[in-house]
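Below you'll find the structure, written out as structure tokens, and then a few comments.
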Amino acid sequence: MPIDWPQFVDIVNSHQRFLLSCHIRPDCDSLGSELGMMMILEALGKEVAIVNGHATPPNLAFIDPDNRIQVLSDAPEVMAALDSAEVMMVLDTSSWAQLGPMSDVLRNTKAKKVVLDHHAIGDDLGAIEFKNSKAESTGGLVAEAAEALGIALTPESAMPLFAAVSTDTGWFRFPSAKAHTYELAARLIEAGADPPSIFRELYEQDTLGRVKLRGRILERFTAEMDGRLLHTFVRFTDFEETGALPSDTEDAINMGLAVHGSEVATILVELSTGSFKVSFRARGRIDCSQVAASFGGGGHKAAAGATIDGPFEVAQKRVLDAVREAMNDGSD
């Protein structure tokens, strides 16, 4: 369903103090959406704070040059923002599990709750939802919000929004990138976004540890089902041994779909807790969001994720069994 922008505008116009947040392990779409929304609201004279459950990954720090994004663990510095908020807006998720430590903040806040998201699957957060699962990114929805609010985009707001849209569409190569996505990209460039510099920050700033970790991920890829399924994994000890960071696994799964004949790729990444972050990617009839949902996760048809408990051998078997079943069901 199309988003009720007049209702969104009414909420914005009738409140002054806003708290923005997103999902744990934030990516460019969530971070760019938050920063873009902050600048749009501030252009209207609103007071805005961003507080996330997890810190911004070092490889994405460029998106926030003024360090406007705060972390909940920095408790004394963020308490004033949490207590004074009139509206708490969650961007790029509507899942309790994906909010991590911010879930308690959302449950306990007296502020009006708003969700702006493009994921089809989610929970009832007790919020007013502004969702469009056909949108290629939440960053694109923020750009729509700017238009609805009558706020012109600036170079400062166009940069994070372009990063949001470009990364969530795989630099415009995923099927989710439609004609309107390219029109949006053009508008963001006209507003001051610089694609070459954004691409350089995203994809040409690898550390040696990140490169070494990618080598392990590639070496561990295993092919099944006549090469249609590729899977790999990262153990937590790999980070220390290679000097890489957990955020260095971002987008690594896409290398599986670069193999000729592959239709589905999955990766298990061990977390410090001993649980595993699982990512699914697909092209074809399998619905990644449905597979992820079976583990309490979610996402999109072509890309989704979840977090499951270990030990590794059990977690891997559960994931691969679910993927194989989904692939067999979709082969009829």
Let me spell it out: the conditions are (1) in contact with a strand residue (DSSP E or B) (Cβ under 6 Å, 6 or more places away or on another chain); (2) more than 23 Å from residue 10 (Cβ to Cβ); (3) modelled with pLDDT of 90 or more, and residue 121 meets all of them except one. Which number is the exception? (3)
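Residue-wise test of (1) touching a strand residue (DSSP E or B) at 6+ places or on another chain (Cβ under 7 Å); (2) under 25 Å from residue 95 (Cα atoms); (3) not charged (D, E, K, R).
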{"position": "211", "(1), (2), (3)": "no, no, yes"}
{"position": "217", "(1), (2), (3)": "yes, no, yes"}
{"position": "239", "(1), (2), (3)": "no, no, yes"}
{"position": "251", "(1), (2), (3)": "no, yes, no"}
{"position": "263", "(1), (2), (3)": "yes, no, no"}
{"position": "294", "(1), (2), (3)": "no, yes, yes"}
{"position": "298", "(1), (2), (3)": "yes, yes, yes"}
Looking only at the range 273-313, filter to residues that are within 17 Å of residue 234 (Cβ to Cβ) and hydrophobic (A, V, I, L, M, F, W, C); which one of those is surrounded by the most Cβ atoms within 10 Å (Cβ to Cβ)? 280
Would you point out the residue of the range 68-94, among those that are modelled with pLDDT of 90 or more and among the hydroxyl-bearing types (Ser, Thr, Tyr), that is nearest to residue 144 (Cα to Cα)? 93
Within the range 235-259, track down each residue that is within 20 Å of the chain's Cα centre (by Cα) and of a type in the set (A, V, I, L, M, F, W, C). 245, 252, 253, 255, 257
Could you tell me whether the range 33-47 includes any residue that is within 17 Å of residue 104 (Cα to Cα) and not hydroxyl-bearing (Ser, Thr, Tyr)? no
Restricting to the range 167-188, and then to whatever is surrounded by fewer than 17 Cβ atoms within 10 Å (Cβ to Cβ) and at pLDDT below 90, can you tell me which residue is nearest to residue 199 (Cα to Cα)? 173
Which one is modelled with the lowest pLDDT, of the residues in the range 278-322 that are over 26 Å from residue 100 (Cα atoms) and either touching a Leu at 6+ places or on another chain (Cβ under 7 Å) or hydrophobic (A, V, I, L, M, F, W, C) (or both)? 283
What number of residues in the range 162-213 are among the β-branched types (Val, Ile, Thr) and more than 21 Å from residue 283 (Cβ to Cβ)? 4
Would you mind stating whether residue 84 is out of contact with any Lys or Arg (no Cβ under 9 Å at 6 or more places or on another chain) and among the hydroxyl-bearing types (Ser, Thr, Tyr)? no
Determine, yes or no, whether residue 115 is under 30 Å from residue 293 (Cα atoms), in a helix (DSSP H, G or I), touching a strand residue (DSSP E or B) at 6+ places or on another chain (Cβ under 9 Å) and of a type in the set (Val, Ile, Thr). no
In the range 189-202, what residues are surrounded by 12 or more Cβ atoms within 10 Å (Cβ to Cβ) and either touching a residue at least 12 places away in the same chain (Cβ under 8 Å) or more than 26 Å from residue 248 (Cα to Cα) (or both)? 189, 191, 192, 193, 194, 195, 198, 199, 201, 202
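The values are calculated or read from the model by the stated rules, or taken from the named source; none is laboratory data. Because the structure is a prediction, the values reported are computed rather than measured. Don't worry about glycine lacking a Cβ; one is built from the backbone with ideal geometry, like all the others, and counts go over all protein chains shown.
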